[in-house]
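Below is one structure, written out as structure tokens; the observations come after it.
The values are calculated or read from the model by the stated rules, or taken from the named source; none is laboratory data. Since this is a predicted model, take the numbers as computed values, not measurements. As a convention, Cβ positions derive from the backbone with ideal geometry for all residues, glycine included, and neighbour counts pool all protein chains shown. The protein model used for the area step is the full one, side chains on, heavy atoms only, and it has no ligands, DNA or RNA in it. Shrake-Rupley method; radii C 1.70, N 1.55, O 1.52, S 1.80 Å.
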Amino acid sequence: MNSVGEACTELKREYDQCFNRWFAEKFLKGDSGGDPCGQLFRRYQLCVQKAIKEKDIPIEGLEFMGPNKAKTENSS
């Protein structure tokens, strides 16, 4: 699947590959430590944010979860 921004598609592919490799080779085997894909994710995230702004995609009212944002009590 392509990214929201054409310029972000390659970053998405790289992040997806990194995450899938970590998930299969580490997480599913009980090793949940470390964040080998964090830097790739941040680069991709910035690219997507820029694309959203450039395309003037309305995102008002949407909440985004991140590593430093706690779930609310109503979240499932």
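Listing for the model above:
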read-out	value
Mean accessible surface per residue for the range 6-55, computed with a 1.4 Å probe while every protein chain stays in place, in Å²	77
Apportionment of accessible area to carbon and sulfur, the range 6-55, percent (1.4 Å)	52
In sequence order, calculated HN-Hα J values of the range 45-50 (Karplus, 6.51, -1.76, 1.60; Hz; x Gly/Pro)	4, 4, 4, 5, 4, 5
Cα-based radius of gyration of the range 6-55 once divided by 2.2 N^0.38 Å, which approximates compact folds	1.31
Segment D16-D56, length gained on full extension (0.36 nm per residue, minus Cα span)	11.9 nm
Local electrostatic count, D31, Cβ distance below 14 Å [Lys/Arg +1, Asp/Glu -1]	+1
